[in-house]
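Worksheet: the structure to be examined is printed underneath.
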Amino acid sequence: MKILVILPQIETLGGIERLSLDLYHSFRNMGISSDLLCLHPSSQNYSENCSARGFAININEIIRLKMPVSPNLFDVLITIYRLRKFILTGCYDVVETGHLSSTFITSFAIIFSKVRHVVGIHYVYKKNNDNSLKLFLYALLIKYFSWKVYCVSEYTKKMWCEYSSMKRDKIHVVHNAISDKFFLNSDSLLFNDNFGLSLSTKILLFVGRHDSEKGFEVIWDSLKNDLINLDLAIFYVGDVNLFDIIGTKRLEKLKREVENSQLKERVHFLGPRNDIHNLMALSYMLIHPTRREAFGMVIAEAMAIGIPVISTDVDGLSSLYSGSSIEWIPPNDVEKLRIAVFKYLNLSTDARNGIIKKNKDFVLRFQMHDRVNRILKLMSLEEFS
């Protein structure tokens, strides 16, 4: 079996891109013939970017089709033609996609061929919110031209069934997985950056895209008056989504407020990092105030590292993580978030260690080899059970 993993871009590595890279590397390590293809052009330093994010990518390892980032109809048609020619002449048996644009292009590129298309749904689609013509066509293509479809949670599957009108028995659930390094004993003492904080300062960590769906500004709004008295600091880690105007304006407003306050040394915007596992080990807790989420990979990563988690209960997250010791709060509720933080700060050492152990045991179900094996089963000609 020869496999092609397709992702749209590699300039910024979000959750789907990281999963694609992990999947590709897992296949290669297992001795499975596989290649990695990127639709959009990449800058000369894209391999350095991957390396800086913890992925060892050779500059010649990724096949690039060089479709413009904002393509017109002619660009799309040319890309479909090139991709079809590449897939058929390369004699690929299976193609895996997990992003809207790569799924869209691939569906047309392999239509009426014998190539099996395995599609991952990593987003919670809702009819009231996601009603564009492009998304309607996207759903039709997956419904009628994909080989197998998997969703990252039962709730994501439920919502995709409603959105696409696909039958439930045609869709499988394959949970996301976290990198093996998060299960190792990360050592916060190895973290050499100097943030000008005392050893007693408790770090509240946010990891994710800085956009309107992630609710990053809620942490500041909730705790800005308590940072000095409680000796707290906030670390914001992640890429800026420049295409999200609302999120960009909220981030600019937040940075202005921090800059104009007396708290600049207690709020740090760290950008994308390759040492998130060490940052988590350094932190007192993870705060995930998202407004929309299919899986919440950073939640699982923090649990594996061994720090408590506060998260908003949206899109079935509490059901997905049922049996763990996450503190759930409503979205956009600054007071409930503040109460949850105070609750964790007042825990005894034994109570905190009990939460950490329970979460570490729970998150073992999200290991990478389980996800890879389940996707391989989907890719085969055997029926998936």
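A compact table of results
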quantity: Dipole magnitude of the chain about its Cα centre (Cβ charges: Lys, Arg +1; Asp, Glu -1), debye to nearest 20; calculated: 980
quantity: Excluding exposed DSSP-loop GluC sites (Glu not before Pro) (at most 14 other C-beta within 10 Å), longest clean stretch of the chain; calculated: 62-381
quantity: Estimated distance in nm for a label pair at residue 134 and residue 28, the labels positioned 7 Å out from Cα along Cα-to-Cβ; calculated: 3.0
quantity: Residue (of 251, 300, 319) at the positive-pole extreme of the stretch 183-365, dipole from beta-carbon charges; calculated: 319
quantity: Ranked packing of 342-351, 199-208, most packed first, by mean Cβ within 10 Å; calculated: 199-208, 342-351
quantity: Partners for residue 148 among aspartates and glutamates (Cα-Cα distance below 17 Å; same-chain residues under 8 apart left out); calculated: 93, 96, 169, 382, 383
quantity: Highest-first arrangement of 365-371, 70-76, 244-250, where packing means the average Cβ count within 10 Å; calculated: 365-371, 244-250, 70-76
quantity: Cross-link pairs beyond the 32 Å C-alpha cut-off, checked among 66/114; 85/249; 181/214; calculated: 85/249
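Bear in mind that the values in this text are calculations on the coordinates, not laboratory data. Bear in mind the structure is a predicted one, so any value in this text is a computation, not a measurement. When we count neighbours, we look across all protein chains shown, and the Cβ atoms used for this are built from the backbone with ideal geometry, even at glycine.
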